[in-house]
Amino acid sequence: MSCSNETIPCFLMPKWYLLFEFISVDGSTLEESTSSPNQRMTRYQILTLTSIASVNFSSMICYSILGPFFPKEAVQKGASQTVIGLIFGCYALCNLMGSLVLGKYIVQIGAKFMLISGLFVSSVCTILFGLLDKVPDGATFIILCFIIRSVDAVGFSAAMTSSFAVSTKVFPNSIATVLGSLEIFTGLGLILGPPIGGWLYQSFGYEVPFMALGCFLFLMVPFNMYILPSFDADPSKDSFFRLFTRLKIVLICFAIFTLSSGLGFLDAALSIYAIDTFNLSPGYVGLLLLGLSLPYCLASPLLGIVSDRFPSTRPWFMVLGGLFTATGFWFLGPVPILQIKSQLWLVVFMLGIIGFSLSMTAIPTFPEILDCAYENGFEEGLSTLGLVSGLFGAVWSFGMFCGPTLGGFITQQLSFEWAASVQGGLAFLAAFFLGVYFLCQRTRQERSPQIQTKRPSDEATHLLT
């Protein structure tokens, strides 16, 4: 098969193309598209997937390097556990505000420009963060941490909001499958970031992890300028407030909040807990975090495929995922009232449960919110995709702010075990509320056909009378 403007020869396709091969232009499966060769993935789609995959990987590897060693370094610089939680939390808070604004104006700014400029800002801030060990201890160090992390968060929100919207626009009928498959690269970034960051820190000191990965992220700027297509769209008059008028979207957003809150708490508190409790080095703490990100990376594409093939499973994926997340956090410490001694194998196993349940809950949320928006009259296009992407990013970021902040405070006042228990309780509440809502919705749907079948006979009886 020769290369044309619409398709790419198989020998030129990326290795991971086989993962997406069953997706066609209109979202049908490979079996349905074999009769029509034109329904194979187009060059436009291949380039978009390559670009978004590179963004997910490079952004997440830079985001995740802090976990194994920064809390310890910050303590030596005079920061308390609560302040460390606020440093992690301010990133999420600025990400929240950036997601809302950028999601609203993605059409006016331009999806491609937003993504590339976000990568550039994040790369520069990552390099600058590696120079903070040169500044004086105390207030100067803490203030500069807040400033650089805040600006970095805005760049990150620009890249992520644009990537979600672009992926959904290019594959409107396979949203969960594509997002779940792209989460492989998000997971790889989360997997490789902590061990690489911990190893570079142990071997070369504080500056090298940020310099190396910041330069790597900077290389993604010209790469994406070259391969990412441009997207044109018309602005919409819809707003975030209108999205929040739907109870279903509010409950799903609460579930997203509990997931990101738990992850933010682990980012800020797990490394210190593991070092103090099990006497682990920063390098081994990075390996410990593999127990969280590896199950997420492996499960996301499979759950995305199931979610698209069988949309009716999405609600119960979210409910069961929330219950598994609650169980994972309750036994991570474990809960003090259980009087179970903390052991390293139990921590690793519970991190695996949390990682799997995270993908189980998170993957269906975006298509469910989008479907609910379309059902309530939102226009189909990049503008609505930007709103939903911004909402998702904002809620996720709010959880990433509250998790480290609240978790750091509880850890400082009580213990890591109690802080993990609170995170588990939030996840259980989200699963419970969603379960009640979906059961009530199913009951209404079962009663609705009965009412419709009875109505004609009632009207006929009334007319005859």
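The values are calculated or read from the model by the stated rules, or taken from the named source; none is laboratory data. Keep in mind that this is a model prediction, so the values were computed, not measured. Cβ coordinates were reconstructed from backbone atoms using ideal geometry, including for glycine residues, and neighbour counts include every protein chain displayed. The protein model used for the area step is the full one, side chains on, heavy atoms only, and it has no ligands, DNA or RNA in it. Shrake-Rupley method; radii C 1.70, N 1.55, O 1.52, S 1.80 Å.
Nothing charged except the Cβ atoms of Lys and Arg (+1) and of Asp and Glu (-1): what's the magnitude of the dipole of the stretch 230-366 about its Cα centre? Round to the nearest 20 debye.
On the way: 7 positive and 6 negative charges, 81 e Å.
Its charge dipole is roughly 380 debye.
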Hey, any idea what the orientation-averaged projected area of the convex hull of the stretch 44-171's Cα atoms comes to, in nm²?
-> 7.9 nm²
At the level of C-alpha centres, the distance separating the stretch 57-98 and the stretch 148-177, in angstrom, is 21 Å
Rounded if a/c under 1.5, otherwise prolate or oblate - the stretch 97-145, Cα gyration tensor axes = oblate
Which percent of the accessible area of the stretch 237-322 is formed by carbon and sulfur heavy atoms (probe 1.4 angstrom)?
-> 70 percent
May I ask you to evaluate 6.51 cos²θ - 1.76 cosθ + 1.60, the Karplus curve with θ = phi - 60°, for each residue of the stretch 187-200 and list the ³J(HN,Hα) values in order in whole Hz, giving x for glycine and proline?
-> x, 4, x, 5, 6, 7, x, x, x, 5, x, x, 5, 4
Table column - 3J(HN,Hα) (Hz), the stretch 144-160, Karplus curve with 6.51, -1.76, 1.60, x for Gly and Pro | 5, 4, 5, 5, 5, 5, 5, 5, 4, 5, 5, x, 5, 5, 5, 5, 6
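Considering every pair of different Cα atoms, what Kirkwood radius, in Å, is found for the stretch 128-170? The partial results should precede the final answer.
Values: mean 1/r = 0.0825 Å⁻¹.
This gives a value of 12.1 Å.
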Considering the convex hull of the alpha carbon atoms of the stretch 316-411, report its projected area averaged over all viewing directions, in nm², one decimal.
-> 7.6 nm²
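Just the number, please: carbon plus sulfur as a percent of the accessible area of the stretch 106-173, 1.4 Å probe, no ligands or DNA/RNA counted. Before the final figure, lay out each step's value.
Working: 1820 of 2430 Å².
Heavy-atom surface of the stretch 106-173 belonging to carbon and sulfur, 1.4 Å probe: 75 percent.
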With every protein chain kept in place and a 1.4 Å probe, the stretch 271-348 has an accessible area per residue in Å² of 47 Å²
For the stretch 244-251, just list the computed ³J(HN,Hα) in residue order, Karplus coefficients 6.51, -1.76 and 1.60, θ = phi - 60°, integers in Hz, with x standing in for Gly and Pro.
-> 7, 7, 9, 4, 4, 5, 4, 5
